[in-house]
Amino acid sequence: MKVKVCVGSNCTLLGAMSILDQIDDLKIIMSEDSDNYNEEELEVEAIKCLGFCKDTDEKVSPIVVIDGETMYNATSQTVMEKIVNKIRK
């Protein structure tokens, strides 16, 4: 699973670093509890700017893309739910 987290200035101010920290914590849990999670690798990438906020006047930050699906106004909780639901056996 590929996860891209925008770490542009606006996304960072609105919580992108917290999202990255939560994903790192989840990776540790996954490695320790392989009975409940697929062995599918979680690939995380911090992107300097995804550019989505430049295309609109709406407030959309922080932005996370999981396997091509864009999440606007992402929170640690919504991102974790999406990831866990995709990787759980």
Handout entry: Percentage relative contact order, the chain, counting C-alpha pairs under 8 Å, at least six apart
Key = 42
Problem - Given [x] 13.2; [y] 18.0; [z] 15.1, the label whose value is Kirkwood radius over Cα pairs in Å derived from this model - result: [x]
Completion exercise
Any lysines whose Cα falls less than 21 Å from that of Lys48, other than same-chain ones fewer than 8 residues away, would be Lys2, Lys4, Lys59
Problem - Free-standing Cys residues across the chain, given no other cysteine C-beta under 4.7 angstrom - result: Cys49, Cys53
Fill in the blank from the handout: Expressed as a percent, the accessible surface of the range 6-74 that is carbon or sulfur, using a 1.4 Å probe and the full set of protein chains, is 45
Exercise for the section: Kindly report the accessible area of the range 1-88 per residue (heavy atoms of protein chains, probe 1.4 Å, no ligands, DNA or RNA), in Å². Expected result: 62
Completion exercise
Projecting the Cα atoms of Val84, Gly51, Gly15 onto the charge dipole of the chain, where Lys and Arg contribute +1 and Asp and Glu -1 at Cβ, the residue farthest towards the positive end is Gly51
Problem - Debye, to nearest 20: dipole size of the range 1-71, +1 on Lys, Arg Cβ, -1 on Asp, Glu Cβ - result: 560
Completion exercise
Over the chain, the sum of -39500 (n - 2.57) across DSSP H runs of at least four, divided by residue number and rounded to 500 deg cm²/dmol, gives at 222 nm -11500 deg cm²/dmol
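The values are calculated or read from the model by the stated rules, or taken from the named source; none is laboratory data. This structure is a prediction, so every number in the text was calculated from the model and none was measured. We place every Cβ from the backbone using ideal geometry, glycine too, and count neighbours over all the protein chains shown. Note: areas computed on protein heavy atoms with side chains; ligands, DNA, RNA excluded. Shrake-Rupley method; radii C 1.70, N 1.55, O 1.52, S 1.80 Å.
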